[in-house]
1. GLY96 - would you say it is touching an Asp or Glu at 6+ places or on another chain (Cβ under 7 Å) and part of a helix (DSSP H, G or I)?
2. State whether the residues of the range 89-102 include one that is free of Cβ contacts under 8 Å to residues at least 60 places away in the same chain, out of contact with any Leu (no Cβ under 9 Å at 6 or more places or on another chain) and not basic (Lys, Arg).
3. Taking only the range 2-30 into account, find how many residues are out of contact with any helix residue (DSSP H, G or I) (no Cβ under 8 Å at 6 or more places or on another chain) and either over 18 Å from ILE75 (Cα atoms) or in a loop (DSSP other than H, G, I, E, B) (or both).
4. Count, please, the residues in the range 222-242 that happen to be surrounded by 15 or more Cβ atoms within 10 Å (Cβ to Cβ) and either under 20 Å from the mean Cα position of the chain (by Cα) or part of a helix (DSSP H, G or I) (or both).
5. Quick check on the range 68-78. Is at least one of its residues among the β-branched types (Val, Ile, Thr), touching a residue at least 12 places away in the same chain (Cβ under 8 Å) and either over 30 Å from ALA244 (Cβ atoms) or surrounded by fewer than 24 Cβ atoms within 10 Å (Cβ to Cβ) (or both)?
6. Kindly indicate whether any position in the range 117-139 is under 18 Å from THR71 (Cα atoms), in a helix (DSSP H, G or I) and either out of contact with any strand residue (DSSP E or B) (no Cβ under 6 Å at 6 or more places or on another chain) or of a type in the set (Gly, Ala, Ser) (or both).
7. Looking at (1) more than 25 Å from SER30 (Cα to Cα); (2) within 20 Å of the chain's Cα centre (by Cα); (3) of a type in the set (A, V, I, L, M, F, W, C); (4) surrounded by fewer than 15 Cβ atoms within 10 Å (Cβ to Cβ), find the lone condition where LEU118 falls short.
Amino acid sequence: MTELSLILRLARNDFSYFFRTKWLMAILISLHLSDMLVVALVYKNLMSINYFQFFVPAVIVMGLFVAALDTGRRIWLAIREGVIQYYLSLPITLRGIVVAYLLAGGLAAVVYSSSLLLIALVVLPAQAVWNTFILLPFLFILAMGLAGIAATLAALASTHGEYFFACQQVVQTVLLTLSTVFYPIEVVKTYFPAILVNIVSANPLSLAAEAMRQYTFSGYPVQPLLLISILLTSLPFTIVGAIAYLAVLRTFRVKGKL
């Protein structure tokens, strides 16, 4: 069996695990539906903009983010429960294991966010659905980058579960707060200093949310520059996550433990 086929089989196994946790799926979907149908509608009456039209596309990106971060939980469980030793016994390289997890995390996030997109299309008709197919490969790269963040957290806190979940919540809060998921960039410029405005503008979640708003739900022509920006801001997360997880695997191979 070739290395590629082993990577794909391992990725398929991890991908299916995300959707086998029915309780997690139920909680995530209910939370994001409440964001779409409660938060967006309530805030619509409090904002000068059409907040419902602004926020619903962002919920899809939030779903992508949350699903990708679950990769860290699966990696942490594999480390804590000894599954990682089984992976190391397989005829697959350490890099192959890392690639498999990142692929699975990216794919799970895209599939989950696509289900939210289908729901969003019911409550907020899109102007250019076909633009979404152009966005999907770049959203997949973003999801792999977010999975890389999760892998980094799992690697750093692999022996202390409470640290992992606490760090995950901190990272999630920071990345969402310093983005245009919840509020327009004009609001950010009003209240944030210039350096934070630049960070918010470069946040890949901001870029993905803006792409979803403009290209899918507003129907503007796709601009390659925005897609390239999503790619360039996502890749560093993927690389750092891959390196961190690879370091953990090497430690396990040499010492048998962390």
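1. It is true that GLY96 is touching an Asp or Glu at 6+ places or on another chain (Cβ under 7 Å) and part of a helix (DSSP H, G or I).
2. yes
3. 9
4. Here the count works out to 13.
5. Among the residues of the range 68-78, not one is among the β-branched types (Val, Ile, Thr), touching a residue at least 12 places away in the same chain (Cβ under 8 Å) and either over 30 Å from ALA244 (Cβ atoms) or surrounded by fewer than 24 Cβ atoms within 10 Å (Cβ to Cβ) (or both), which makes the answer no.
6. Taking every residue of the range 117-139 in turn, at least one turns out to be under 18 Å from THR71 (Cα atoms), in a helix (DSSP H, G or I) and either out of contact with any strand residue (DSSP E or B) (no Cβ under 6 Å at 6 or more places or on another chain) or of a type in the set (Gly, Ala, Ser) (or both).
7. Condition (1) is where LEU118 drops out.
Let's see how each residue does on (1) under 19 Å from the mean Cα position of the chain (by Cα); (2) surrounded by 15 or more Cβ atoms within 10 Å (Cβ to Cβ); (3) modelled with pLDDT under 80:
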{"position": "THR2", "(1), (2), (3)": "no, no, no"}
{"position": "ALA40", "(1), (2), (3)": "no, yes, yes"}
{"position": "LYS44", "(1), (2), (3)": "no, yes, yes"}
{"position": "TYR51", "(1), (2), (3)": "no, yes, no"}
{"position": "PRO57", "(1), (2), (3)": "yes, yes, no"}
{"position": "TYR87", "(1), (2), (3)": "no, yes, no"}
{"position": "PRO91", "(1), (2), (3)": "no, no, no"}
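The values are calculated or read from the model by the stated rules, or taken from the named source; none is laboratory data. Remember, it's a predicted structure, so these values are computed and weren't measured experimentally. FYI the Cβ positions are ideal-geometry reconstructions off the backbone, even for glycines, and counts take in every protein chain you see.
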